[in-house]
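The block underneath contains the structure these notes are about, expressed in structure tokens.
Laboratory data are not the source of any read-out in this text; all were calculated from the coordinates shown. Keep in mind the model is a prediction, meaning the values are calculated, not measured. Glycine gets a Cβ as well: all are built from the backbone with ideal geometry, and neighbour counts include every protein chain shown.
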Amino acid sequence: MKIGTLEAGEYGMASINVGRYPSGGAIYVQLHCEDGEPLATFSTNLVPYGAKVNQDEFNVKVWGENEQFVEKMMATGLFEDTGRYAPTGNVDSPIWRMTAPAHVPQ
């Protein structure tokens with residue numbers, strides 16, 4: 001489900017899409033280019049590995065190719081930082097919450 005758009009620098013505008021991972025049911029957040037091609041998966045599925053998130057929360061992949069999108073994603077107002085983290089091995093993954101209940105996938 002598309003919930004918004006983001007100015008993605010050299011990639012132009014990107015749509016922000018959400019759904020649920022098949023394994024564990026956590027929210028996924030993906031960015032897609034205007035032509036529909038996948039740009040980045042902004043979330044990471046840590047629930048199968050013991051991460052505790054509420055139905056309106058997700059683990060954020062803030063490293064690697066996603067670093068450039070973190071501030072822009074937060075600036076959309078679609079998400080808020082819970083202040084909680086889940087360990088992923090070498091880094092901790094922040095847990096963000098969806099700000100609008102209508103945007104929380106079923």
Please count how many residues of region 7-29 are closer than 16 Å to Asn66 by Cα and among the small types (Gly, Ala, Ser). 5
Is one or more of the residues making up region 44-63 buried (at least 20 other Cβ atoms within 10 Å of the Cβ), in contact with a Ser or Thr (Cβ under 9 Å, 6 or more places away or on another chain) and within 14 Å of Gln106 (Cα to Cα)? yes
So, of the residues in region 6-52 that are over 13 Å from the mean Cα position of the chain (by Cα) and part of a strand (DSSP E or B), which turns out to be nearest to Val91 (Cα to Cα)? Pro38
Looking only at region 6-31, and only at residues there that are surrounded by fewer than 16 Cβ atoms within 10 Å (Cβ to Cβ) and either touching a residue at least 40 places away in the same chain (Cβ under 8 Å) or of a type in the set (A, V, I, L, M) (or both), the one that is farthest from His103 (Cα to Cα): Gly9
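Select from region 72-100 the residues that are among the hydrophobic types (A, V, I, L, M, F, W, C) and surrounded by 16 or more Cβ atoms within 10 Å (Cβ to Cβ) and write down the one among them that is farthest from the chain's Cα centre (by Cα).
Taking region 72-100 and keeping what is among the hydrophobic types (A, V, I, L, M, F, W, C), we get 73-75, 78-79, 86, 91, 95-96, 98, 100.
Filter once more, keeping what is surrounded by 16 or more Cβ atoms within 10 Å (Cβ to Cβ): 73, 78-79, 86, 95-96, 98.
Working: Met73: 8, Leu78: 10, Phe79: 9, Ala86: 14, Ile95: 9, Trp96: 8, Met98: 9 Å.
So, considering only residues that are among the hydrophobic types (A, V, I, L, M, F, W, C) and surrounded by 16 or more Cβ atoms within 10 Å (Cβ to Cβ), the one farthest from the chain's Cα centre (by Cα) is Ala86.
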